[in-house]
Amino acid sequence: MQRLPCTPRPDWREKFEALGFSFHSDDGGYWDESACYQFGAAQIDEIEAAAEELHRLALAAVQHVIVERRGAELGVTPPQMALIETSWRMNAPSLYGRFDLAYDGHQPPKLLEYNADTPTSLLEAAVAQWHWLEESGRADQFNSLHERLIVRWESLFKTLPPGTPVHFSCVKDNEEDRVTLEYLRDTATQAGVATRFVYIEDIGWNGKALVDLDGAAISAWFKLYPWEWLMRDAFGTHLAATSIHIIEPAWKALLSNKGMLAILWELFPHHPNLLPAYFTPDYLGASFVIKPFFSREGANISIVDRAQPLATPGPYGNEPKVYQARATIPVFDGRYPVIGAWIVGDDAAGMGIREDVTPVTTNSSRFIPHFFA
Amino acid sequence: MKKKRARRIQLVTLGTVILGACSNADVPKDRYAYKSRPECVQDWGETHCENPPPGRTGSAAAAYFLGPRFNSIVETPSGKHIWSGSAEIPAINPDTGQSMRGAVNIARGGFGNSANAYHSSGS
């Protein structure tokens, strides 16, 4: 694993904008191809295997929390748990997820967190860095996201009546979310799925069903909107009264909850791909990381460390927290890279790299392309 | 290597997206709105139904046919004068006993409020 200097293509902005990747320069430069990461094939195999192993552990942890009725420890209310349990027992299928991993090329990849419900940075990983690879002449890339998403959409909705549309929703006034959603909608369209778009704020309730702006009932729904918000909102109470197919399914609400890091360590102690994590800091010594259960994009993360303390701002400060041992994140040219390893269905599907000048990856951390040889 | 694709990525719709379109911000808030003229005419008759405003082709509003304004007295196709109702309480058709449909007798805004306090729904 190396960080290499690269020469940016003179017209990469125009090319990305033609693709629809419009937020490439947000926050002072989100996409950065002045550098790239090189891996060996064996390292890619190790990341791929770790992602599939963590996916297996995650599913076992969901089963455990449901059977042992441990939702309260994760801040999940009984009505929310009922939705989660119903979706799990119905085998409601998942489309995708992203494991964020600490990896230095030598030690096994370690799970920092699982973005199981509303993972973004998808278009960048699936499309943008692939275009970069093709034009850069580099050898290969761990990236089969695009084709796997299409295949997964085909299997997800083959049981629905022909022509049943899937509604796609995200919040208004967030360009990154809208573009990510439209990319996913594009892959669904290529799978032969009929799609419609409705902003999450525009969804209606007609007394029997959730409906779009035309009043059409939503029977299959992809929402780029976290389950914990969905269940808190005023219409959340209607979800149990409908037979709507929702992607990601409700059981993903458990896996996007960072409290699951403690459950995972309890169930699989000393697993090579896990870091020690607990609901209390008592077992972690003088150096550890504090994460709110529902923190997003690196908000309200605290690193407790005499030599390198850090606390990021954010709105999640009052939530319950999990305490995780510090991972060894390598430093290249003053940057901390974190591997985002993607799962589509049940298979590892590729990766993207975000790097930051601090050990915490936030919404402004840069996306750096990768290749392997 | 098995990870590498054998073909180029094709995107069929993404580059054509116009961000900000398809919002209900364009749906009139002070009157009935319908997706088709026959639906409007069935509720209110020809004289109370207007075609979409000109000059907005391509916008979401261009799809809406406009019925009567709320809180007014309207003569129905059967010649009865009724209160036109409000966004919250749509008028009842005196001949059928059904609510006037439009796009207004649907509660909206019940999702999305949790997002107001945060930066992004993504992670």
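Every number here is computed from the coordinates shown, using simple stated rules; none is lab data. All values reported here derive from a predicted model rather than from experimental measurement. Please note: Cβ atoms are built from the backbone with ideal geometry, for glycine as well, and neighbour counts cover all protein chains shown.
Observations
- Counts of other chain beta carbons within 10 angstrom of each beta carbon in peptide A:138-144 average 3.
- Förster-model FRET efficiency, 25 Å R0, A:Thr164 and A:Ala240, C-beta, rounded to 0.05: 0.75
- MRE, 222 nm, helices only [DSSP H, n ≥ 4, -39500 (n - 2.57), over the protein assembly as shown, to nearest 500]: -6500 deg cm²/dmol
- The peptide list A:177-186, A:243-252, B:77-86, A:230-239, put in order of mean Cβ contacts within 10 Å with the highest first, becomes A:177-186, A:243-252, A:230-239, B:77-86.
- Under the span-like rule (Cα at least 30 Å along the axis, Kyte-Doolittle mean at least -0.5), DSSP H helices of chain A: A:41-67
- Amide H contacts of A:Val211 (H built 1.01 Å from N, under 5 Å, at least 5 apart or other chain): A:Gly204, A:Trp205, A:Asn206, A:Ile218
- Separation between Cα centres of region A:301-373 and region A:133-178, rounded to whole Å: 24
- Pairs over the 32 Å Cα-Cα cut-off, from the set A:Lys158/B:Lys35; A:Lys208/A:Lys252; A:Lys15/A:Lys258: A:Lys15/A:Lys258.
- Under 13 Å, Cβ to Cβ, from A:Gln38 - net charge with Lys/Arg +1 and Asp/Glu -1: +1
- Put simply, the amide H of A:Glu113, placed in the peptide plane, has neighbours under 5 Å in A:Asp100, leaving out anything fewer than 5 places away on its chain.
- Positive contributions from Lys and Arg (+1) and negative ones from Asp and Glu (-1), summed over other residues with Cβ under 9 Å from the Cβ of B:Arg69, come out at 0.
- Close amide H partners of B:Arg31, meaning residues 5 or more places away or on another chain with modelled amide H under 5 Å apart, are B:Phe70.
- In percent, rounded to a whole number, the relative contact order of region A:3-95 is 23, using alpha-carbon pairs under 8 Å and six or more apart.
- Expressed in units of 2.2 N^0.38 Å, where N is the residue count, the Cα radius of gyration of the protein assembly as shown is 1.07.
- Averaged over peptide A:186-199, the number of partner chain Cβ atoms lying within 10 Å of each residue's Cβ comes to 3.
- Distance from region A:223-268 to region A:75-110 (C-alpha centre basis), Å: 9
- Put simply, region A:254-373 fits an ellipsoid with semi-axes of 23, 19, 15 Å; these come from the alpha carbon gyration tensor as the roots of five times its eigenvalues, largest first.
- Put a dot 7 Å past the Cα of A:Thr86, heading toward its Cβ, do the same for B:Ala107, and the two dots end up 1.7 nm apart.
- Eigenvalues of the alpha-carbon gyration tensor of region A:66-108, scaled by 5 and square-rooted, set the equivalent ellipsoid semi-axes at 30, 16, 9 angstrom, largest first.
- What the Kirkwood sum gives for region A:1-89 is a hydrodynamic radius of 17.6 Å, with every pair of different alpha carbons counted.
- Tensor-based shape of region A:154-221 (alpha-carbon gyration tensor, a/c under 1.5 rounded, otherwise prolate or oblate): oblate
- Shielding value for A:168-180 is 4, the average number of Cβ atoms from other chains within 10 Å of each residue's Cβ.
- For the peptides A:267-273, A:192-198, the ranking by mean Cβ contacts within 10 Å, running from highest to lowest, is A:192-198, A:267-273.
- Residues of region A:264-279 with amide N under 19 Å of the 7 Å Cα→Cβ point at A:Thr328: A:270-277
- Label-point separation in nm, A:Asp26 to B:Glu50, each point 7 Å along Cα→Cβ: 3.8
- Between A:Glu319 and A:Val357, residue separation times 0.36 nm minus the direct Cα-Cα distance comes to 11.0 nm.
- Distance (nanometres) between label positions extended 7 Å along Cα→Cβ at B:Glu75 and A:Ser287: 8.6
- Stokes-Einstein D for region A:172-290, Kirkwood Rh over Cα pairs, 20 °C, 1.002 mPa s (µm²/s): 124
- Positive contributions from Lys and Arg (+1) and negative ones from Asp and Glu (-1), summed over other residues with Cβ under 9 Å from the Cβ of A:Ser287, come out at +1.
- Viscosity 0.692 mPa s, 37 °C: Kirkwood-radius Stokes-Einstein D of region A:205-245 over Cα pairs, µm²/s: 305
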